[in-house]
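Take a look at the structure set out below.
Values quoted throughout were computed directly from the atomic coordinates according to the rules given, and no laboratory measurement underlies them. Everything numeric in this text was worked out from a predicted model, so none of it was measured. Note that each Cβ is placed from the backbone with ideal geometry, even for glycine, and that neighbours are counted across all protein chains shown.
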Amino acid sequence: MALFHFAFNVRDLDETRAFYAGLLGCIEGRSTDTWVDFNFFGHQLSCHLGTPFASAPTGKVGDHEVPMPHFGAVLSMDDWRALADKLTAADVDFILAPQVRFEGQPGEQSTMFFTDPAGNPIEIKGMGDLDAAFAT
């Protein structure tokens, strides 16, 4: 298995740590005074101090327009439900609240969209069969 690496800008490392480690449960890796790495569901995020990228709701998916660009993870349904419950209990302001998409179709998935404290859009998907992420 190959790991995915994604580096992007955040405004404040303390609030970034509170969000990714504290709320999402990501393990912190290496860091300096200008960046911090996290194990984001088995992949490497590098959060660097700077101006976050601009995003806009231009991605048409079903009946929704989702923020572009965005990043995220595909989790098992059990892990997705646990995270959705945790974020809901924490009163996260969802862009797209936890829901099922493409029900009964190839690639059926649960999804939720939210942002980190710097405004970076994140999508977390849940699938009963992770191989269905590539279903056609």
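Values as computed for the structure displayed
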quantity	calculated
SER76-GLU15 FRET efficiency (beta carbon distance; Förster radius 22 Å; 0.05 resolution)	0.15
Debye-sum result for the range 1-52 in log10 I(q)/I(0), which assumes one identical scatterer on each alpha carbon, at q = 0.15, 0.18, 0.22, 0.26 Å⁻¹	-0.35, -0.50, -0.73, -1.00
Under 12 Å, Cβ to Cβ, from SER31 - net charge with Lys/Arg +1 and Asp/Glu -1	-2
Between 0 and 90°, nearest 10: helix 77-89 axis offset from the chain longest Cα axis	60
Ranking of THR88, THR136 by count of other Cβ atoms within 10 Å, fewest first	THR136, THR88
